[in-house]
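Participant: Before I ask anything, let me first share the structure, which is written out below as C-alpha cells.
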Amino acid sequence: MISRRGFFRWLGGLALAGLSTATYALAIEPGFRLRQVTYSFTPPRWTPGLKLKVVALADPHLAEPIMPLSRWLKIMDAANAIEPDLIVLLGDYLGTHRFVSKELPIDSVPSSAPRLKALLGVYAITGNHDWWGDPVAQAAGHGPLEVQRLFEAQGIPVLENKAVRLEKDGLPFWLSGTSSMVAIKRPGHSNFESRADIPGTMAQVTDDAPIIHMAHEPDLIVDLPERISVTLSGHTHGGQIRLFGWSPIVPSMYGNRFAYGHVIEEGKHLIVSGGLGCSIMPVRFGMPPEITVLELG
C-alpha cells in the first residue's frame, strides 16, 4: 500500500509531467523545432524524365512570440539550403490568434520573400487569414488583396486563379493556384464564400504538360479535375495536435480525411503540409513546424 508521502510524491511527479508537456506543446515544439518532410514519388500524368524538387512553405502566421521575423528568416535560409528547383508559398502569412504578444506589419513576409532562392523562382497564393485580415477586400467581396500587391511589388507572382507554364531541362509543366475556399465572411456561423475559380484557372492551361496545383485549403481536392498531377495545400497545420496519425481538431469539413500528408483521393494526389505557425491556439504537439519537400519524377 502506498504511503501518504509516496502518494504526494506521485502526485507531484504527475503535476511536473503535465507542466513539462504543456511547456513543450506551448513553447518548445511550436517555437523552436523545425523538421524537413520529404515526399518522393512520380505523380500521374507526369512527363518521363522530368525531375523536380519543390519546397513548400505553408502557414507561417508571423507574430510574436511563436513566429518572430528572425525565426522566419532562418526558415527561409533552411529552405534555400535544400537547393530546390521551385519554392511555393501556400498562404496565411500573419498570425492573428488571441495569444499574439506583438503583431507584425503586413509586409513582413512579402518584403523578406526575395531572400528565397530557387532555380525556377518563387510563387505564392493567399490563404483564408490573408482574406479575413484585409477589410477592403472583405467589404468589396473580391481582391486583389493587399498582401498580393506587396508580393508582386517584390517580384513574387501570386497565382490567384492563375496558371503559368514553366520548364525544367527543356521539359514543360504548369504551376497553377486558386484562391481561398473560405475567403469572404458573411453573417452567420461558419458562413463563407469561396473565391476559388477552378474552371477559369484550368482554362489557362493550353497543352497536356503536367500540372502542379496550389490550393490553400485541401478540401478543394474534391472539386479539382484529375487532369492535375499533384495538389499542394496547407491550412490544417496537421491539426497542430496529432497523435498516432489522428488529430482531434482539423479545420476541414472532412475531419482527418485531408488533415495531413500524402493523400490519394480517387486517383488524385494531394500533399498537405503541416505548416509552420499556429492558428487559434499557440500550441503544437506531435506536429512540429515543417518545411515540406516534394521530389517529383
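The values are calculated or read from the model by the stated rules, or taken from the named source; none is laboratory data. Given the structure is predicted, the values throughout are model-derived calculations rather than measurements. Don't worry about glycine lacking a Cβ; one is built from the backbone with ideal geometry, like all the others, and counts go over all protein chains shown.
Participant: Return only the number of the condition from (1) hydroxyl-bearing (Ser, Thr, Tyr); (2) surrounded by 17 or more Cβ atoms within 10 Å (Cβ to Cβ); (3) over 22 Å from the mean Cα position of the chain (by Cα) that SER180 does not satisfy.
Facilitator: Status for SER180: all satisfied but (3).
Participant: Could you give every pair whose Cβ atoms fall below 7 Å, whose first residue belongs to the range 125-136 and is acidic (Asp, Glu), and whose second residue is part of a helix (DSSP H, G or I) and surrounded by 24 or more Cβ atoms within 10 Å (Cβ to Cβ), counting only separations of at least 6 or pairs across chains?
Facilitator: ASP130/VAL147
Participant: From the list SER229, SER247, SER190, SER252, exactly one residue is touching a residue at least 12 places away in the same chain (Cβ under 8 Å) and either closer than 25 Å to LEU145 by Cβ or hydrophobic (A, V, I, L, M, F, W, C) (or both). Which is it?
Facilitator: Going through SER229, SER247, SER190, SER252 in turn, the sole match is SER252.
Participant: Restricting to the range 91-117, and then to whatever is over 17 Å from LEU276 (Cα atoms) and of a type in the set (S, T, N, Q), can you tell me which residue is surrounded by the fewest Cβ atoms within 10 Å (Cβ to Cβ)?
Facilitator: In this case the residue turns out to be SER101.
Participant: Ok, one more. Can you name the strands (runs of 3 or more DSSP E) wholly within the range 26-97 that have at least 2 residues being more than 22 Å from SER176 (Cα to Cα)?
Facilitator: Those strands (runs of 3 or more DSSP E) span 35-41.
Participant: Pull up the range 241-266, narrow it to residues that are modelled with pLDDT under 95 and closer than 20 Å to ILE228 by Cβ, then point me to the one that is nearest to the chain's Cα centre (by Cα).
Facilitator: Result: GLU265.
Participant: Within the range 118-141, how many residues turn out to be loosely packed, with under 15 Cβ neighbours inside 10 Å and out of contact with any Asp or Glu (no Cβ under 8 Å at 6 or more places or on another chain)?
Facilitator: Here the count works out to 3.
Participant: Then there's this: Considering only the range 272-282, state which residues are touching a helix residue (DSSP H, G or I) at 6+ places or on another chain (Cβ under 7 Å) and not polar (S, T, N, Q).
Facilitator: Matches in the range 272-282: VAL272, GLY274, GLY275, LEU276, CYS278, PRO282.
Participant: For the range 190-208, indicate whether the set of residues that are over 24 Å from LYS53 (Cβ atoms), of a type in the set (Gly, Ala, Ser) and either surrounded by 15 or more Cβ atoms within 10 Å (Cβ to Cβ) or in contact with a Lys or Arg (Cβ under 7 Å, 6 or more places away or on another chain) (or both) is non-empty.
Facilitator: So far as the range 190-208 goes, yes, one or more of its residues are over 24 Å from LYS53 (Cβ atoms), of a type in the set (Gly, Ala, Ser) and either surrounded by 15 or more Cβ atoms within 10 Å (Cβ to Cβ) or in contact with a Lys or Arg (Cβ under 7 Å, 6 or more places away or on another chain) (or both).
Participant: Report, by residue number, each residue of the range 215-240 that is on the phi > 0 side of the Ramachandran plot and either surrounded by fewer than 24 Cβ atoms within 10 Å (Cβ to Cβ) or touching a Gly at 6+ places or on another chain (Cβ under 6 Å) (or both).
Facilitator: If the condition is that a residue be on the phi > 0 side of the Ramachandran plot and either surrounded by fewer than 24 Cβ atoms within 10 Å (Cβ to Cβ) or touching a Gly at 6+ places or on another chain (Cβ under 6 Å) (or both), then HIS237, GLY238, GLY239 are the ones that fit.
Participant: Which is out of contact with any helix residue (DSSP H, G or I) (no Cβ under 6 Å at 6 or more places or on another chain) and surrounded by 21 or more Cβ atoms within 10 Å (Cβ to Cβ), of LEU175, LEU166?
Facilitator: So the residue among LEU175, LEU166 that is out of contact with any helix residue (DSSP H, G or I) (no Cβ under 6 Å at 6 or more places or on another chain) and surrounded by 21 or more Cβ atoms within 10 Å (Cβ to Cβ) is LEU175.
Participant: Could you tell me whether GLY275 is within 30 Å of ALA81 (Cβ to Cβ), buried (at least 20 other Cβ atoms within 10 Å of the Cβ) and either of a type outside the set (A, V, I, L, M) or out of contact with any Gly (no Cβ under 6 Å at 6 or more places or on another chain) (or both)?
Facilitator: Taking the combined requirement at face value, the residue satisfies it.
Participant: Out of all the residues in the range 191-221, which are assigned to a loop (DSSP other than H, G, I, E, B) and within 20 Å of the chain's Cα centre (by Cα)?
Facilitator: SER194, ARG195, ALA196, ASP197, HIS216, GLU217
Participant: If you don't mind, there's one more thing I want to ask. Could you list, in sequence order, all residues of the range 143-184 that are outside any strand (DSSP E or B), under 19 Å from HIS235 (Cβ atoms) and either of a type outside the set (A, V, I, L, M, F, W, C) or touching a Phe, Trp or Tyr at 6+ places or on another chain (Cβ under 7 Å) (or both)?
Facilitator: GLY143, LEU145, VAL147, GLN148, LEU159, GLU160, ASN161, SER179, SER180, VAL182, ALA183 - these are the residues of the range 143-184 that are outside any strand (DSSP E or B), under 19 Å from HIS235 (Cβ atoms) and either of a type outside the set (A, V, I, L, M, F, W, C) or touching a Phe, Trp or Tyr at 6+ places or on another chain (Cβ under 7 Å) (or both).
Participant: Right, something else. Quick one: is PRO187 assigned to a loop (DSSP other than H, G, I, E, B) and modelled with pLDDT under 95?
Facilitator: For PRO187, the condition - assigned to a loop (DSSP other than H, G, I, E, B) and modelled with pLDDT under 95 - is met.
Participant: Is one or more of the residues making up the range 260-271 more than 13 Å from ALA58 (Cα to Cα), charged (D, E, K, R) and touching a helix residue (DSSP H, G or I) at 6+ places or on another chain (Cβ under 7 Å)?
Facilitator: The answer is yes; a qualifying residue exists.
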